[in-house]
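Some notes on the structure that comes next.
Computed from the coordinates by the stated procedures, all read-outs in this text should not be read as laboratory data. All of these numbers come straight from a predicted model, not from anything done at the bench. All Cβ positions, even for glycine, are placed from backbone atoms using ideal geometry, and neighbour counts span all protein chains on display.
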Amino acid sequence: MGERPNVSRHAGSLDDDRMRTAPAPLSRWEFHLPVAFILASLIALFVFPILIHSQIDRLRRVIETRIDPARHTLAALQVTFAREGTAIRTYLLTRSPDTYRLYQQLRAQDARQLANLEALALAGLDTVIHRQIRQLRDRATAWHAVHEMILQGPMTPGRAQNVLPPSQHLFENVMTATQTLETELERRVHVVVTQIEAAERLGAILTVGLALMAFVAALTALRIQQRLRSLTRDLHRRAREEKALRRAAEALSTPRTIDDVLVEIASSALLATGADGAFVERIDPATNTLRIVSAAGEYAPLLHGEGPLAGSYTERALAAGRPIRLRKLGRAEHGLPAEVVERCDGCDIVAVPLSAAGEAFGALYVLRLAGRRPFDRSEIARVGIFGNLASLAFRNARALSESEAARHDLERVMESRARLIRGFSHDLKNPLGAADGFLELLETGVKGELNPEQREGLARSRHSIHTALDLIRELVELARAEAGEIRLAVAPLDVRDLVRTITDEYRAQAEAADLDLVAETEETLPIVSSDRTRVAQILGNLISNALKYTPAGGRVTVRARRATTGPPGVRPEGAAEGWVRIDVSDTGPGIPEEQQASIFEEFTRFAPDISQGAGLGLPISRRLARALHGEVTVESEVGRGSTFTLWLPVTMKEERAEAA
């Protein structure tokens, strides 16, 4: 191989995070502020005139519907008061019945007018006017009281002379009050008219301002339009590049070999950058050589070409840990495939290292002919992205391979464990059954009569054998659950009937332990789709545990009810119609929070000195519940008892299949 160029002269390292030369898009403020200004201008053009006209109309309505009617009513009231004063004086002099009737009519009229005036004040006039109207009414009432006193007794000329001066004084007070109110109404009219004129001036000013805002908004919209056109052109270019990224990402999301993904990576990098060629060199760890596993483009090298790793640009890119750039290559450059050296004199080439989890596995190359523009920073950055995708594909492929191997190993271990347990249980059940049968014969007296001590010993021996057989049966059940060999017979199930039946089966055991066993079910509990035998097995385990751990005098409650939500974190298929939960609550010692998760592990017992079981009931119950698309959960507090809950979906596919 000939002399290689100096890396400092022909290869430059580039940081992916700084390879961005595309036009900057509109920032949040550059876009949002002008758009907000335009929207505000449009809203202002529409809203402000409406608000101004609304304000003016409101003020005019105050004058037309409140002040003017009050002024007219007040003027009429002044005339009525004057006529009323004249009528009372005439009556005092003439005692004419016609004059008296006229006076009564005028009294009724001024009462109506005062009531109208007060109604107008309450409907919208200010408190000053309202207070003056009350003052007017008070003075009119005092004036009328004098008239009533005059009309009640006989009137002599001397008495008339005595009562007329006070009546005249009160009349003057009434008229003074009407004049004061009239002045206040005039002042109020002036204030409202002033407000209307101010609103009209403000409307004129706002009209000019809004016209200016509209002009500025138009200029702003024009500027944004020009900027968006520029960005649209850039986005079209980016869209073509992103299409290549999507193709590469889709290749990662489908189950393919690493070499298949690298083929897609090379073609996508070629499409994204508009290069003339792209290829991937992968390291063969066994021979420490390079092999071309994917190539795209007219000027890419042939597939499956090989070369040494030592001294190659792949080795240099991996050592740099970032993309390197090769410019103006001559024919003496032998660190690249021969086809590239021969056909790509003066090409611009970028090499991106490929590694995953500290393990190097090759490099991605893109090249562009000398007659075209060199790669810019954004294009080099995008090539780096494809390199990252290739590294991710390598890591995923290796993780998938390791996961598959681990899964196969686990399956082999589980199968071996299941076979061991089945064989072990088969080999033990037969001799234990035979021993139990022999002891049963001895109990019947086949070999002679037994004394009480001997009978007690035989009973204990048979109890131990039965305990061992139960343990073997639980081990076999657990092995079947772990191996996915539980067969389900799904059918409509009446949970209320099942709860009552299971509770009755354990009632004698509860009474023997001095415990109160109660069943509570909702009347509207739905029929569920599940396996009756398996549900009964789970409930039997939960009730049996509750009876074991509840001290004498305690209480065990089995409660079935409907639930709209399921157990936390569980979303099984077929639970669209809701859930049924069966709670088994006891008044036992409770379980510490830190131990609540471990009680569902095999061979775990919370209180070994109390229970004689093997610690398999709860693990088996949970596996059975999950096979039924349900769950078993626990809520407990030390000193307050525990509640184990069996969750069942209302609907479930009717099938007879092995549990997953």
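What to note about this one:
- Tensor-based shape of region 42-82 (alpha-carbon gyration tensor, a/c under 1.5 rounded, otherwise prolate or oblate): prolate
- About its Cα centre, the dipole of region 80-238 is roughly 1100 debye, where the only charges are +1 on Lys and Arg Cβ and -1 on Asp and Glu Cβ.
- The value for region 351-404 of Rg(Cα) / (2.2 N^0.38 Å) is 1.41.
- Segment Glu197-Ala491, extension gain: residue separation times 0.36 nm, minus the distance between their alpha carbons: 97.4 nm
- Listed peptides 95-101, 58-64 appear in the order 58-64, 95-101 once ranked by packing, highest mean of other Cβ atoms within 10 Å at the front.
- Cα-derived Rg to Rh of region 61-127, Kirkwood definition: 1.15
- Distant-in-sequence amide contacts of Val580, defined by a placed amide H-H separation under 5 Å and a gap of 5 or more residues or a different chain, comprise Ala563, Leu648, Val650.
- Relative packing of 399-407, 105-113, which averages over residues the other C-beta atoms within 10 Å, highest first: 105-113, 399-407
- Ranked by how many other beta carbons lie within 10 Å on average, peptides 495-502, 339-346 from highest: 495-502, 339-346
- Rg and Dmax of region 260-359, both derived from C-alpha coordinates alone, stand at 12.8, 36 Å.
- Close amide-amide hydrogen proximity is noted between Asp516 and Gly554, Arg555, Val556, each under 5 Å apart and 5 or more residues distant or on a separate chain (H modeled in the peptide plane; Pro and chain starts excluded).
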